[in-house]
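What follows is calculated from the coordinates using simple rules that are stated; it is not laboratory data. For clarity, every value in this text was computed on a predicted model and none was experimentally measured. Note that we place each Cβ from the backbone using ideal geometry, even for glycine, and neighbour counts take in every protein chain shown.
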Amino acid sequence: MRDDKKQLAHLIKQALSSDEAACQKILNLYKGRIFSYIYRMVRNYHDAEDLTFETFIKCFGALPSFDVSRPFSTWLFTIAHNVTIDFFRKSKQEYEYFDERHAVYDDFVEEHEKKRKTEKIDRALAKIAPLDRELVILFHREEYSYQEISEILSIPISTIKTRLHRARKKLRELVHNE
Amino acid sequence: MKHENIEKLIQKALDREISEKEEQTLNAHLAQCPECQQFYAEMIQTEQSLSTLVEVFPEYTFNDRVLRKLGLRQAFSWRRVVPVGAAAWAASLLLLAILPWPQALLRKLATSTPAVVRFFDNAGIVVASLGDVLGPFVRTTFNLQYALFGLITMILTLFVFSRVIKKEAECKY
């Protein structure tokens with residue numbers, strides 16, 4: 001889950017000199033994690049693919065200004081978060097609160113179900129506020145610390161803790177009372 | 001201890017921020033409170049299912065899309081591939097026609113066994129009759145050896161095509 005710093009530094013150096021194979025390796029290393037995160041946030045396969053595409057284009061574009069002393073994945077997730085937030089803003093969707101209207105027209109569960117047996121937890125995640133969902137994914141799935149999540153989302157650790165605790169409790173309810 | 005305080009300790013445990021002393025307090029309470037015990041078990045179960053959330057992937061053409069946008073890869077185009085194939089075919093035919101040693105080698109190969117001779121005789125007839133249609137130049141240049149040349153150049157051309165197509169296919173995953 002964590003970055004292999006030496007391998008990454010080498011890949012980034014190669015990618016900066018427009019090495020196709022290096023860019024491809026970076027894509028293969030991170031596209032699954034970034035796509036899964038965005039997919040669970042926006043709950044639409046095609047939007048998620050477009051936003052993941054935008055994330056990587058921005059990532060490669062900003063690569064010359066990337067500070068190699070920083071963890072690459074945290075930086076990449078920051079870009080993905082900003083791209084996702086922009087999408088929520090443009091499509092006038094609630095980010096901080098759970099909006100029932102989007103739950104009704106939610107194609108995440110439906111599309112996901114077609115491909116593989118949907119886990120209870122995925123259905124529960126779709127029923128909490130996008131911000132809470134984001135915190136849960138970053139903390140439990142991506143195993144980021146509170147400090148790292150605070151850097152990615154630019155929100156205080158105290159807010160993250162309060163919301164995450166509430167989100168966990170809500171998820172427990174949704175999973176066990178389904 | 002109040003249930004609310006126990007819930008705080010459970011959250012702390014899930015945050016991996018619980019102290020040894022707090023853990024002892026939590027365990028002591030859980031041992032005597034079935035209600036909190038169930039809550040704790042369900043919270044742990046929820047946490048475990050979160051860590052095993054499946055990874056989802058974009059379409060297999062995703063890398064290709066990104067690399068094209070970055071200008072690192074050209075779009076697959078028959079306009080690009082056909083001239084490459086045709087040039088490879090023409091160049092190999094020309095080389096085989098000019099160089100003396102491949103002709104000698106092919107002649108030797110073609111006459112080494114009766115079956116091969118029969119096959120290329122027939123192929124030669126087909127090529128020669130094609131030559132009747134295509135004109136005197138083709139008729140004089142295409143013969144038994146050139147049927148074999150054709151076979152080799154076809155293999156060479158397929159090789160060139162496969163390199164181009166392989167490059168296209170590499171980006172899919």
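Inside 10 Å of the C-beta atoms of B:57-66, what's the mean count of C-beta atoms belonging to other chains? If you can, show how the numbers build up before the last one.
Numbers: counts 7, 15, 4, 0, 1, 8, 8, 2, 5, 13.
Across B:57-66, the average partner-chain Cβ count within 10 Å equals 6.
Counting partner chain Cβ atoms within 10 Å of every residue's Cβ in A:38-51, what's the average?
Working: counts 2, 4, 2, 0, 0, 0, 0, 3, 2, 0, 2, 6, 2, 0.
If you average over the peptide's residues, the count of other-chain Cβ atoms is 2.
On full extension of the chain, what length is gained from A:R70 through A:A21, given 0.36 nm per residue of separation minus the C-alpha to C-alpha distance? Could you put the intermediate results ahead of the total?
Values: separation 49, 0.36 × 49 = 17.64 nm, distance 2.29 nm.
Full extension of this stretch gives 15.3 nm more.
Beta carbons within 10 angstrom, averaged per residue: use that to sort the peptides B:50-57, A:27-34, highest first. Display every interim value, and only then the final one.
Working: B:50-57: 15.5, A:27-34: 18.9.
Sorting B:50-57, A:27-34 by mean packing, highest first, produces A:27-34, B:50-57.
If you find the alpha carbon centre of region A:1-58 and of region B:7-42, how far apart are they in angstrom?
So the separation of the two Cα centres works out to 38 Å.
Size of the dipole of region A:114-177 about the Cα centre, Lys and Arg at +1 and Asp and Glu at -1 on the beta carbon, nothing else charged, in debye to 20?
Values: 16 positive and 9 negative charges, 119 e Å.
Here region A:114-177 has a charge dipole of around 580 debye.
For region B:1-90, run through the trypsin sites (Lys or Arg not before Pro) and keep only the ones in DSSP coil with at most 12 other Cβ atoms within 10 Å of their Cβ.
Filter output for region B:1-90: B:K2, B:R16.
When the helix-only estimate is applied to chain A (DSSP H runs of n ≥ 4, each -39,500 (n - 2.57), divided by the residue count), what is the mean residue ellipticity at 222 nm, nearest 500 deg cm²/dmol?
Values: 10 runs with 126 residues, N = 178.
It lands at -22500 deg cm²/dmol.
Taking only pairs that are 8 or more places apart or on different chains, how many Lys pairs in region A:1-108 have Cα atoms under 15 angstrom apart? Walk me through the numbers before you get to the answer.
Numbers: A:K5/A:K13; A:K5/A:K25; A:K6/A:K25; A:K13/A:K25; A:K31/A:K58.
So the count of such lysine pairs works out to 5.
Which net charge results when you count Lys and Arg as +1 and Asp and Glu as -1 among the other residues whose beta-carbon is under 13 Å from that of A:I157? Mind showing how you got there, number by number?
Working: positive: A:K161, A:R163; negative: A:E148, A:E151, B:D15, B:E17.
Combined, the nearby Lys, Arg, Asp and Glu give -2.
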